[in-house]
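Please read the structure below before turning to the comments.
The values are calculated or read from the model by the stated rules, or taken from the named source; none is laboratory data. Quick caveat: nothing in here was measured; it's all calculated off a predicted structure. Cβ coordinates were reconstructed from backbone atoms using ideal geometry, including for glycine residues, and neighbour counts include every protein chain displayed. Heads up: the accessible areas ignore ligands, DNA and RNA and are worked out on the full protein's heavy atoms, side chains in. Shrake-Rupley method; radii C 1.70, N 1.55, O 1.52, S 1.80 Å.
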Amino acid sequence: MVKVEDIQQCAAGLLEKGQVKSVLGFRRGTAGAMAEPCTITEAAEAGTLVWDPTCLNNLALYLVKDRKQQAASKTPDIRPIGIVAKGCDSRAVAVLLQENYFKREEVFVIGVSCEGTGVIDPKKVATLLKGRSPSRVEFDGADGFKLTLRGGEMQVPAREILADRCLECRAASPALNDVVFGEPSGERGYATPFHAAKEALGASETERWAAWEHHFDRCLRCFACRSVCPMCYCPECVVDSTSFVIEPQTSAEEKANRIKWCERSPNTSESAVYHLTRAIHLAGRCVDCGECERVCPVNIPLRLLNTMLEMEAFEMFHYQAGHDLSQASLLSSFRDEDPNSFIR
Amino acid sequence: MTKKRTGVFVCHCGNNIAATVDVKRLAEEMTDEETVVYSQDYVYMCSDPGQNSVIQAIKDNQLDSVVVSCCSPNLHEKTFRDNAERAGISGFTCEIANIREQCAWVHKNREEATEKAIKISRSAIRRVAHNKALDPIAVPVTRRVMVIGGGIAGIQAALDVANAGLEVILVEKLATIGGHMLQLSETFPTLDCSQCILSPKMVEVSRHPNIKLMTYSEVQDVSGSVGNFRVKVLQKPTYVDPEACKLCDDCVQVCPVVVPNEHDLGLTARRAIHIPFAQAIPASYTLDVDACLGLNPIRCGKCKDVCEAGAINYDMQPRTVFEEVGAIIVATGFDLYGQENLGEYGAGKVEDVLDGLQFERLCSASGATKGHVLRPSDHKVPKEVVFIQCVGSRDPAQHCAYCSKICCMYTAKHARLYKHHVPDGRAYVFYIDIRSGGKGYEEFVQRTMEDDETIYLRGRVSKLHRTRDGKVRVLGTDTLTGQNVEIDADMVVLALAMQPSKGTEQAAKVLKIGRDKDGFLAEAHPKLKPVESVTAGIYLAGAAQGPKDIPETVSQASAAACKVLALLSQDTLSHAPTVAKVRESHCTGCEMCVDACPYQAIRLLNGKAVVNEVLCEGCGTCAGTCVRAAIDVKNVTQLQIHAMISAIMGG
Ligand SMILES: Cc1cc2nc3c(=O)[nH]c(=O)nc-3n(C[C@H](O)[C@H](O)[C@H](O)COP(=O)(O)OP(=O)(O)OC[C@H]3O[C@@H](n4cnc5c(N)ncnc54)[C@H](O)[C@@H]3O)c2cc1C
Ligand code: SF4
Ligand code: SF4
């Protein structure tokens, strides 16, 4: 079992020795049981770091944010950053490295293995507790959680409240790391890989389209999914005309000629273009951290779209996002032995 | 931005387009487009009057851009771009709307076809509104040529180019040049000795001051493009210094390893150290490292001990050479379809069932039996021989769908050669039909039947097997008499299909040139560009492009040489300026385009992608790969694609 003191000590050491300018981690949130992301810059703050099944966020996002900040700054500080990383967070870091977003030496990965479990799905917890909320959620043994409620404690088997992505996770301990805490995780046996995507494929094409039409119709285009995704780091989003990059040297003609692949208005067809484009742009890049689905205010099952493509990538090209740094990106590589039965 | 002045020119293509598309209506409706100031239709826009009217209209109406609604840009894009230039505007402001192949030819309903032609033309108009008047990029050319494959095709092409004064690098995979023609005994239709006509050419290659011969070598990688290719060639070690080798054959006498001789298709054996055959070019021995006991004096070392000239060097290493050339001719030839694929004919396991090349070796004076036709199993003169045509050819269900073209002729030749060697023997030929188009070919077949009394049976052989008394029983039908035929033959010769050689497959991969459905190298146009590959600067010759006999191979080789000479007669080539361009503000340096570019035209500089315009072929792969829309191809920008799609969608 991971001891939070190990993580705290490691962070303190890094900061003390000046090896990193800051450490991205989790601390106790202000409301309820949920942990929240934090940045600590002093060794003395390391004691505030926590590690429990409510550490949902993919912290790689904050590496991207820092990089953008430094790029905009007149006095950029590009000293390394430490990051507390679960399996999925570390895969995200790997993809970012693969895409040259930063250099390997600019990040120190404090890997934490999810071992036999992972993080909770707060919605499942709410359902389980019929709306009551726990004040604490902790790891409990190899495959369970302990919930602290007002009336006492409660032990819950992990599979009941684990986030969907954790049920399907194949690499719960971070392969990319500079140091790793916790035992490497083997076969966990919750759900087969791509279980949800495969199940969804059981429906007919018409049924699937009807379902997605319904989802796209509800989309508010709030772009929360994009904002939370560490892979959506493009300076300008091709499917969001409000994000156009305007620089001093951008000419009037260029401004006039900006393409609107999809209109701003959130109607079904435009939202479909947005989501499908985003899904395709994530093919071979999505590490299945589940963040987009978690933050969606109208509960669009975005993981399904993304994992569907990851499934194709895996089954056709044996490609897994964030698993092998030295590999060329899925979309940019071609091998003679690649299947091409779909080209007719 | 000042308003565009676009002219639209609609071609009837005789009736090719006009029969299905209402060309008048098309021309008329195009004037509704905001940028169109002139529109006309004409029966043959590519004819002289048609072209002149384009030029005149550009001048008269001060057009700054042109759309021609006609056939595929493959055919006439250049024609009309030249017209634009002649009228004083940039050729790159002219675009083609393909309303023939992509519309008229594939539709029947006139109303619908016209609607579609309107959409296609409209989308071209919207695109051309954003075209830039680009200037072609001038690229210096490397006036050297690489020929890959040293069969008769490669030899002929190399000699033609070298005789015109250009330097040639001839790369051959095997230890000698010559290809399959070396294995033939006599050749149809004149029955002259194959070696006698080939060896002088081989010697000429070896002595030619302009030819650099690289045998035992393979092309491993190619970068660059027309005019400036950079080719990586791996030269395998032969372990024998050809300069020092005196051809004394002492090494062969002591080598203890015996392996089948591929030159004789296994009918004879050779040693690990060997010369492919006496007149090999280069005239030198080769140590077959796979057969050798270990290149090691402790394990054997006999050949090295005995070589007085000191020509053998076990430490010879593979050598990688980079060659800069302006053009490449691919002449990597054919292989015979494998007998193992023919279960009905014993899958290569029935004794005395030979393939055509083995039979050539039996007839050849330098072959296994020194020119006596003796069957392999017992070295007796075969008195009854069955020749089977179309083996593996013309059988889409199980084997190759195509006709191998030369088998009718070489089977007739085989029957005659056999009768000349064994005048009292009987020759049977099973055929589907006889294809003997070519000068003197029909007469040749007639003589085989009449003068040499070969029995031609029209029909297929269903099966054959070995009998107890050492014959091969051939079961077939004669469809002309409707009777089943059973022949106990002493020997059977299969006219196996020609298929692209393994080396052709490999070369196509390395050069990234296309192959057709049968695996032969694909020509750029089946009628008008038979020796050009789809990639500019890479040409095709010989049986690698399709089944061919020697006269045809030689013609194609000379044609390819001629194309190369025309290409390299220029000091600079103009490279299309429709190349990729990076939008720095959007590029994050992810390198996806760098990996994806099939021409290695992109690299990263200070964290941003940079395109080498000379190497870029404008294929657009990068633009399709970049998720950030940070890279675009000039005159096919995403803005233009968007405009085209909008036009087609009715926007
Ligand atoms: C049984 C038989 C009988 C025939 N009889 C006649 C006849 O009587 N008259 C006639 O006109 N035609 C005849 N032909 C046809 C004749 O053999 C061919 O037309 C001719 O050999 C084609 O020459 P080529 O140079 O294209 O190919 P090949 O002779 O196959 O030569 C190709 C060369 O390229 C080399 N090569 C292959 N791949 C690579 C690579 N990747 N890199 C470098 N080198 C490579 C090969 O080693 C070979 O040396 C006969 C064919 C057969 C099978
Ligand atoms: S793919 Fe796009 S973002 Fe990536 S390096 Fe190339 S141009 Fe830049
Ligand atoms: S268009 Fe892009 S991918 Fe194609 S050759 Fe040019 S740089 Fe390479």
* Asked: Can you list the lysines whose alpha carbon is less than 19 Å from that of B:Lys380, not counting same-chain residues fewer than 8 positions off?
  -> B:Lys370, B:Lys419, B:Lys471
* Structure fact -> Rh (Kirkwood, all Cα-Cα pairs) for the range B:184-334, Å, reads 17.7 Å
* Accessible area in the full protein assembly, largest first, 1.4 Å probe, for B:Phe80, B:Phe334 -> B:Phe334, B:Phe80
* Asked: Carbon-plus-sulfur fraction of the accessible area of the range A:193-325, 1.4 Å probe, in percent?
  -> 57 percent
* Asked: For the range A:1-191, how many pairs of lysine residues have a Cα-Cα distance under 20 Å, where the two are 8 or more positions apart or belong to different chains?
  -> 15
* To do: Just the number, please: buried accessible area between A and B, total of both chains, 1.4 angstrom probe, nearest 100 square angstrom.
  => 2000 Å²
* Determine, at each q value in 0.11 (inverse angstroms), the log₁₀ of I(q)/I(0) that the Debye formula gives when each Cα of chain B is one equal point scatterer. => -1.13
* Asked: Where does the protein assembly as shown land at 222 nm, in deg cm²/dmol rounded to the nearest 500, when only DSSP H runs of n ≥ 4 count, each adding -39500 (n - 2.57), divided by all residues?
  -> -8500 deg cm²/dmol
* To do: Taking all pairs of distinct Cα atoms, average 1/r, flip it, and tell me the Kirkwood hydrodynamic radius of the range A:105-239 in Å to one decimal place.
  => 18.1 Å
* Asked: Pairs B:Lys212/B:Lys512; B:Lys236/B:Lys439; A:Lys255/B:Lys24: which are spaced more than 30 Å apart, C-alpha to C-alpha?
  -> B:Lys236/B:Lys439; A:Lys255/B:Lys24
* Asked: What is the Cα centroid distance between the range B:530-548 and the range B:39-72, reported in whole angstrom?
  -> 34 Å
* Residue-count net charge about A:Ala142 - beta-carbon cut-off 14 Å; Lys, Arg +1, Asp, Glu -1 -> -3
* Structure fact -> Residues of the range A:297-344 that bury at least 30 Å² of accessible area, probe 1.4 Å, when all protein chains are present rather than the chain alone, are A:Leu331, A:Ser332, A:Asp336
* Among the helices of chain A (complete DSSP H runs), which have Cα atoms covering no less than 15 Å along the helix axis and a Kyte-Doolittle mean of at least -1.0? -> A:4-16, A:60-72, A:87-98, A:268-281, A:302-317
* If you average 1/r over every pair of different alpha-carbon atoms in the protein assembly as shown and take one over that average, what Kirkwood value in Å do you get? -> 34.3 Å
* Asked: Where in the range A:235-281 does accessible area fall by at least 30 Å² between the isolated chain and the complete protein assembly, at a 1.4 Å probe radius?
  -> A:Pro235, A:Glu236, A:Val238, A:Glu253, A:Asn257, A:Ile259, A:Trp261, A:His281
* Cα-Cα P(r), the range B:561-651, percent of pairs per 10 Å interval -> 17, 39, 25, 16, 4, 0
* With a 1.4 Å probe and every protein chain left in place, work out the accessible area per residue of the protein assembly as shown in Å², rounded to a whole number. => 45 Å²
* Please determine, in degrees from 0 to 90 and to the nearest 10, the orientation of helix B:441-450 with respect to the longest principal axis defined by the Cα atoms of chain B, where the helix direction is its Cα long axis. => 30 degrees
* Which of the GluC sites (Glu not before Pro) found in the range B:230-312 are in a DSSP loop and have at most 13 neighbouring Cβ atoms, other than their own, within 10 Å? -> B:Glu243, B:Glu308
* Reachable aspartates and glutamates, given that their alpha-carbon falls under 18 Å from the alpha-carbon of B:Lys304 and they are not under 8 places away in the same chain -> B:Asp241, B:Glu243, B:Asp249, B:Asp250, B:Asp288, B:Asp290, B:Asp315
* To do: Ratio to report: Rg/Rh of the range A:1-191, with Cα atoms as the point set and Rh obtained by the Kirkwood method; give two decimals.
  => 0.98
* To do: Could you run the Karplus curve 6.51 cos²θ - 1.76 cosθ + 1.60 with θ = phi - 60° over the range B:241-249 and give me ³J(HN,Hα) per residue in whole Hz, x for Gly and Pro?
  => 7, x, 5, 7, 4, 9, 6, 7, 6
* Asked: Against the longest principal axis of chain B, how steep is helix B:110-128, in degrees 0 to 90 to the nearest 10, with axes from Cα atoms?
  -> 80 degrees
* Compactness ratio of the range B:249-313: Cα Rg over 2.2 N^0.38 Å, N = residue count? -> 1.07
* Between the alpha-carbon centers of the range B:337-353 and the range B:279-326, tell me the distance in whole angstrom. => 35 Å
* Asked: On the accessible surface of chain B, probed at 1.4 Å, how many percent belong to carbon and sulfur atoms?
  -> 51 percent
* Most to least accessible of A:Glu254, A:Glu115 (protein chains only, probe 1.4 Å) -> A:Glu254, A:Glu115
* Asked: Viscosity 0.692 mPa s, temperature 37 °C: Stokes-Einstein D of chain A from its Kirkwood Cα radius, in µm² per second?
  -> 152 µm²/s
* When N counts the residues of the range A:207-344, how does its alpha-carbon radius of gyration compare numerically with 2.2 N^0.38 Å, as a ratio? -> 1.17
* Asked: Accessible area drop of at least 40 Å² (1.4 Å probe, protein heavy atoms): which residues of the range B:563-602 qualify, relative to the chain alone?
  -> B:Ser585, B:His586, B:Thr588, B:Cys590, B:Met592, B:Asp595
* List the lysines whose Cα lies under 16 Å from the Cα of B:Lys509, skipping any in the same chain that are fewer than 8 positions away. => B:Lys173, B:Lys232, B:Lys517
* **Net charge contributed by nearby residues that have their C-beta within less than 11 Å of B:Thr187 (K/R +1, D/E -1)** => -3
